[in-house]
Amino acid sequence: MKTFLATFLVVIVGSLVLWVSTDEGRAFTAEEARRLEIRETPRSVPDWRLQNQDAETFRIQDWHGHFIVVDFIYTSCPDVCLILSGNLKTLQKDFSTEEKSDKLRFLSISFDPEKDTPQRLKEYLHHFSADLRYWMAARPINPSQKEAILDFFKVIVIPDEYGGYTHSAGYHIINPDGKLVAIFGIEQTDELHTYLNQVLEEKENVSKS
Amino acid sequence: MSTTEVSSKIEYSDSENRNALIAVKSHLIAGLLVFLLMMLAGLAMRAAQGTWLEIGADLFYQIMTVHGAGVVGAAMITSTGVQWYFLRQYVRLSNGVFWTNFFIFLTGVVLILGSIFVGKYGGAWTFLFPLPAISMGAWSAGAAAAFQLGLLIIGVGFLILYLDFGRAILARYGSLARALGLTQLFGKEPVNYKHPAAVVASTMVLIVNFMGIAAGAVVLVMGLVNLFYPEFKPDALLMKNLIYFFGHVVINATIYASVIAVYELLPRYTGRPWKTNKPFYAAWFAIVFMVMGVYPHHLLMDFPMPTWALITAQVLSFGSGLPVLVVTGYGALMIVYRSGITWSTSAKLLFLSMFGWAAGVIPAILDAMVTVNRTFHNTLWVPGHFHFYLLLGLLPMLIGFAYFLAGEGDRKERPKAVDSLGFYAYLIGAFMTSMVFLASGANSIPRRWAVHLPEWIGFAQAGTIAASLVVLGMLLFITRALISLPGANNPR
Amino acid sequence: MTPATVKSGQPVEFQVSAADVNHGFGIYDENLVLIAQTQAMPGYTNKLIHTFDKPGKFKILCLEYCGLAHHVMITELTVE
Amino acid sequence: MYPKAKQAWLLLAALVILALPPMQRFLEQSMVMHMLVQIPALAIIGWMIGKILPENWKNNIAPWNRWGITGIALAIIIMTYWMLPRVQDAAISEWPVELTKFITVPIMGMALGISWPQLNPIAQGVLKLEFWATFMRLGWLYLDLPDRLCANYLLSDQRVFGQLLLLAGSIWAVAWTLRITFGIKIINN
């Protein structure tokens with residue numbers, strides 16, 4: 001009887017722990033967890049200072065009132081970042097009508113500020129024939145800020161065996177109120193597209209009424 | 001454990017024996033009833049193909065799925081009943097474990113039935129990856145998951161039972177090799193003619209099914225992962241290999257488990273003992289590897305398969321089935337020859353099973369030849385070959401055992417007219433069913449088509465008539481079993 | 001399938017693959033006799049080489065159970 | 001054989017060494033080391049602590065753990081928990097989770113060590129096959145997945161880990177087969 005009780009307890013408590021620690025069976029990896037967390041509890045983005053491709057200081061607050069799509073890159077990246085930013089380029093083309101692009105901005109943040117000088121950031125944007133009015137590349141101005149930014153977005157960067165980095169690859173959406181509201185994976189470009197369509201439409205309706 | 005050990009039977013208490021008998025009967029009755037229902041399902045499918053019955057494609061494929069899964073399940077649970085009944089006389093088996101497997105099996109069946117008839121799962125019992133996940137809206141991921149989960153649960157149940165077999169056999173014989181008679185075969189021990197055939201056969205079944213279940217445990221979970229996590233795309237060919245290994249081993253093993261009835265019952269009817277010998281051990285040893293090695297003959301039309309695997313499969317297919325068949329068939333003939341046997345229905349059925357098994361090998365071997373496979377693969381030839389095996393080889397063993405358990409052998413009575421009617425209706429129907437399938441296959445009619453082209457309908461109608469005869473025969477058998485089995489005492 | 005027409009008397013190579021689930025690729029002649037086949041499998045391309053010895057209208061039938069539309073997967077192939 | 005007290009100190013020392021930050025960093029820098037060295041080492045320490053627990057402690061536990069089932073259930077739950085990729089990641093970036101690992105994994109080892117011998121042989125068999133199948137499933141999964149499961153480890157690392165799991169599973173399967181069919185003992189499991 002005691003055994004039965006103890007086993008019962010262990011199983012119930014254990015299942016509960018597993019249930020809670022996977023967010024009710026919805027997130028098994030850290031990547032899934034961060035996406036889910038942001039979706040359920042959007043967070044205000046702190047007002048960091050960044051340095052952009054023109055060596056100007058840029059604050060995310062400067063783009064208040066716009067939807068911002070953020071991706072994390074390093075300019076010597078041979079693969080994933082190229083796909084990430086390549087998709088941004090496609091997005092920029094798709095949302096290029098004046099009114100939409102005025103509501104939508106792109107920001108590529110480098111997590112390799114030692115190497116990624118403004119000059120290199122500029123080349124990077126040119127590589128994607130970015131429309132520089134709406135798409136900016138920027139780097140954190142000091143290491144502690146870099147840590148703060150990566151921590152906030154829960155982006156994990158680890159060095160790979162070729163001298164580069166492997167990192168969380170995704171699109172982070174900041175809404176016009178300056179809140180991080182959604183994260184899409186690199187494989188979710190279709191979902192991202194639909195999402196942007198929807199929120200931009202909504203915003204339009206709100207501003208008209 | 002002296003080498004001259006005489007096989008003495010295990011003693012159980014009376015209550016244990018009573019309980020065991022009820023368990024065996026439950027297995028038999030449940031299994032045979034499922035067989036009957038599956039035959040009705042088969043009849044319905046043939047009638048639909050023959051345009052005599054209106055069934056939508058979705059329902060047809062659901063029936064097809066339940067027919068496949070049901071027959072394999074019924075074959076497993078019934079043959080396990082036969083095997084356990086005899087094996088427990090030589091090694092100490094647990095009633096509790098036997099019942100546990102039975103109830104786990106029933107749980108799995110409920111899940112599978114639910115997935116098919118509530119969840120509309122119609123991905124065939126072979127759940128060939130990635131079909132369960134890509135149904136074009138016909139069924140949900142949940143239904144496909146319930147089906148695979150049902151199979152997984154059934155696998156765990158059998159695993160528990162086989163572990164009990166393994167434990168008991170090891171306790172008595174020390175190693176599986178010794179139980180298989182290998183020590184005698186290779187001269188480490190003198191040949192013991194009384195080494196029980198039931199133990200040899202059970203050990204073989206235990207080994208191959210253990211491997212089959214292991215493969216199934218991996219492949220079913222991989223399928224489940226894919227259902228809920230579609231980014232994970234396992235290699236389709238590897239999945240196919242594992243699925244066919246699992247399926248082929250599990251269904252093949254049923255006939256090797258059931259043949260124990262022949263070894264045990266023919267001696268009773270003739271009064272002569274079944275003597276095990278070196279060729280017998282060699283045959284059963286060979287079959288361990290053959291049953292596991294032949295499955296790639298399902299993959300001859302998958303050109304990326306490595307050539308060596310296909311060649312091995314083809315060579316093994318020629319030989320597979322033969323060794324045990326030869327020693328068993330020859331043994332059966334010798335034991336019956338001039339023995340003055342009473343041809344009870346049970347004896348007739350057991351003898352028929354030898355014929356069905358022997359003749360069933362021929363279409364199997366033909367299909368396993370690459371040149372023939374090119375035009376027979378996935379035609380109705382394939383169902384033709386396994387309906388031959390199952391209807392004329394496996395089922396006669398199982399029904400023969402049911403008659404024995406119902407006490408027919410004890411009373412030494414001649415078969416009643418109704419039994420004879422059942423026997424011949426079944427015999428003719430089963431033979432026709434198989435032959436119509438084989439003829440259809442030879443005429444290039446593909447298998448698993450809900451609607452047949454006009455050119456093929458005649459075959460399907462002939463198949464329908466044949467199937468009705470089988471159902472009639474089976475109905476008579478089942479009625480008899482249901483009337484006389486429950487009250488029957490344990491045969492002496 | 002492209003092209004839908006091939007020439008008789010010379011070997012034809014069929015490159016058979018599948019986008020969704022496993023299918024079968026069975027070539028039937030005008031009398032509905034199966035003359036060659038291979039499996040169609042996602043992630044693999046099976047090469048089937050066949051020489052048609054006479055012209056005519058051939059049928060391709062699905063020979064691996066692939067779901068509720070299995071029996072309607074029929075297409076035609078013209079051999080000149 | 002050392003006396004019990006000395007063994008206890010040795011085990012405690014081993015635990016402390018594993019917990020030293022440089023050692024931690026070293027063992028957690030790759031997936032293979034993390035999963036196949038650090039966690040098994042913690043489990044083994046737990047197993048051995050279980051062996052030298054005072055008899056009266058064990059006697060007190062026994063009525064709550066007949067046939068070993070409570071302990072096995074506990075061990076399986078802890079194992080499942082540490083198989084969650086996000087928990088592995090969290091252990092690296094958040095110290096409370098890391099601390100949890102250093103407590104629960106030895107407990108798992110202890111529970112297994114105490115309960116396994118009491119477990120019904122048939123249940124042992126089912127679990128062994130399940131453990132084996134989990135090796136094969138996870139190995140296959142890690143080899144085939146297009147994405148990384150752990151944000152802290154490289155894809156190549158994940159692949160190597162997958163191969164090692166498959167290799168270990170295969171060796172285990174062969175050893176097991178030889179043992180049950182021919183009675184040949186290679187490893188004691």
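For the reader, a short list of remarks on this structure follows.
- Sequence ranges B:35-41, A:169-175, ranked by mean other-Cβ count within 10 angstrom, highest first: A:169-175, B:35-41
- Euclidean distance between Cα centres, region B:194-267 to region C:43-71, Å: 31
- Between residue A:126 and residue D:147, the simple spin-label model (points 7 angstrom out along Cα→Cβ) gives 3.5 nm.
- Pairs of Cα atoms farther than 30 Å apart, region B:14-484, %: 44
- Under-5 Å amide H pairs with residue A:166, H placed in peptide plane, nonlocal only: A:158, A:160
- Region D:104-155 and region B:102-144: distance between their alpha carbon centers, rounded to Å: 27
- Near residue A:53, the amide H atoms lying under 5 Å from its own belong to A:137; only residues 5 or more places off or on other chains count, and H is placed 1.01 Å from N.
- Pairs over the 25 Å Cα-Cα cut-off, from the set A:115/A:146; B:188/B:275; A:146/A:203; A:93/A:146; B:240/C:59; B:25/B:278: A:146/A:203; A:93/A:146; B:240/C:59; B:25/B:278.
- Cβ charges +1 (Lys, Arg) and -1 (Asp, Glu), total dipole of region A:1-41, debye: 160
- The fraction of Cα-Cα pairs per 10 angstrom bin, counted from 0 for the protein assembly as shown, comes to 2, 10, 17, 19, 18, 15, 10, 6, 2, 1, 0 percent, rounded to whole percents.
- Think of region D:120-189 as a dipole: +1 on every Lys or Arg Cβ, -1 on every Asp or Glu Cβ, centred on the Cα centre; then among D:126, D:141, D:160, D:126 lies furthest on the positive end.
- Counting, for every residue in A:166-175, the Cβ atoms of other protein chains within 10 Å of its Cβ and taking the mean gives 1.
- Taking every alpha-carbon pair under 8 Å whose residues sit at least 6 apart, chain C reaches a relative contact order of 37 percent.
- C-alpha long axis of helix A:189-208 to longest principal axis of chain A, angle in °: 70
- Packing around the peptides B:45-52, B:163-170, taken as the average count of other Cβ atoms within 10 Å per residue, puts them in this order, highest first: B:163-170, B:45-52.
- Student exercise, region D:57-189 dipole from Lys, Arg, Asp, Glu Cβ charges, in Debye to nearest 20: 520
- Listed by chain and number, the aspartates and glutamates whose alpha-carbon sits under 18 Å from that of residue D:101, ignoring those within fewer than 8 places in the same chain, are D:28, D:89.
- A protection proxy built from the mean count of other Cβ atoms within 10 Å ranks the segments C:57-68, A:137-148, B:258-269, most packed first, as B:258-269, C:57-68, A:137-148.
- Each principal axis of the Cα atoms in region B:316-384 has its own extent, and those three values, largest first, are 48, 22, 12 angstrom.
- Where a label projected 7 Å from the Cα of residue A:148 along Cα→Cβ would reach, residues of region A:1-45 with amide N under 19 Å: A:43-45
- Partners of residue A:103 within straight-line reach, counting aspartates and glutamates whose Cα lies under 17 Å from its Cα and excluding those fewer than 8 residues away in the same chain: A:62, A:94, A:131, A:177, A:201, A:202, A:204.
- Rounded to whole Hz, the Karplus (6.51, -1.76, 1.60) HN-Hα couplings of region A:158-167, x for glycine and proline: 10, x, 9, 7, 10, x, x, 9, 10, 8
- Membrane-span-like helices in chain D, defined here as complete DSSP H runs extending at least 15 Å along the helix axis by their C-alpha atoms with mean Kyte-Doolittle hydropathy no lower than 1.0, are D:4-19, D:39-52, D:69-82, D:95-115; this is a sequence and geometry rule, not a statement about a membrane.
- Each Lys and Arg contributes +1 and each Asp and Glu -1, all at the Cβ; summed about the Cα centre of region B:14-484, the dipole is approximately 1180 debye.
- Among B:398, D:35, B:271 - extreme Cα towards positive end, dipole of the protein assembly as shown, charges at beta-carbon: B:271
- In region A:18-65, burial by the other protein chains removes 40 Å² or more of accessible area from A:18, A:21, A:28, A:29, A:30, compared with the chain on its own (1.4 Å probe, ligands and nucleic acids ignored).
- The residue among B:319, B:335, B:382 whose Cα reaches farthest toward the positive pole of the charge dipole of region B:14-484, with charges on the beta-carbon of Lys, Arg, Asp and Glu, is B:335.
- Inter-label distance, nm, simple model (7 Å from Cα along the C-beta direction), residue A:24/residue D:33: 4.0
- Put a dot 7 Å past the Cα of residue A:194, heading toward its Cβ, do the same for residue B:188, and the two dots end up 6.4 nm apart.
- By the compact-protein rule of thumb, 2.2 N^0.38 Å, the alpha-carbon radius of gyration of chain A corresponds to a ratio of 1.19.
- Cysteines (scope the protein assembly as shown) whose Cβ has no counterpart Cys Cβ under 4.7 Å: C:62, C:66, D:150
- Among the residues of B:237-243, the average count of other protein chain beta-carbon atoms within 10 Å of the residue beta-carbon is 2.
- Look at the stretch B:61-68: the mean tally of other chain Cβ atoms within 10 Å of its residues' Cβ atoms is 1.
- What the phi angles of region D:145-150 give under the Karplus curve with 6.51, -1.76 and 1.60, with θ = phi - 60°, is a coupling list of 5, x, 10, 7, 8, 9 Hz, glycine and proline written as x.
- Label zone of residue A:177 (point 7 Å out along Cα→Cβ, amide N under 20 Å): in region A:129-160 this covers A:153.
- Compared with the dominant principal axis of the Cα atoms in chain A, helix A:30-40 is inclined by about 80°.
- Using θ = phi - 60° and Karplus 6.51 cos²θ - 1.76 cosθ + 1.60, couplings along region A:16-28 (whole Hz; Gly, Pro as x): 4, 4, 5, 4, 5, 6, 10, 6, 6, x, 9, 9, 9
- Amide H contacts under 5 Å for residue A:43, placed H, 5+ residues apart: A:180
- Bridging of residue D:58 to lysines at a Cα separation below 21 Å is possible for A:2, D:4, D:6, once same-chain residues fewer than 8 apart are set aside.
The values are calculated or read from the model by the stated rules, or taken from the named source; none is laboratory data. Everything quoted here is computed from the prediction, not taken from an experiment. In this analysis, Cβ positions are derived from the backbone assuming ideal geometry, glycine residues included, and neighbour counts consider all displayed protein chains. Side chains included, ligands, DNA and RNA excluded: accessible areas come from the protein's heavy atoms. Shrake-Rupley method; radii C 1.70, N 1.55, O 1.52, S 1.80 Å.
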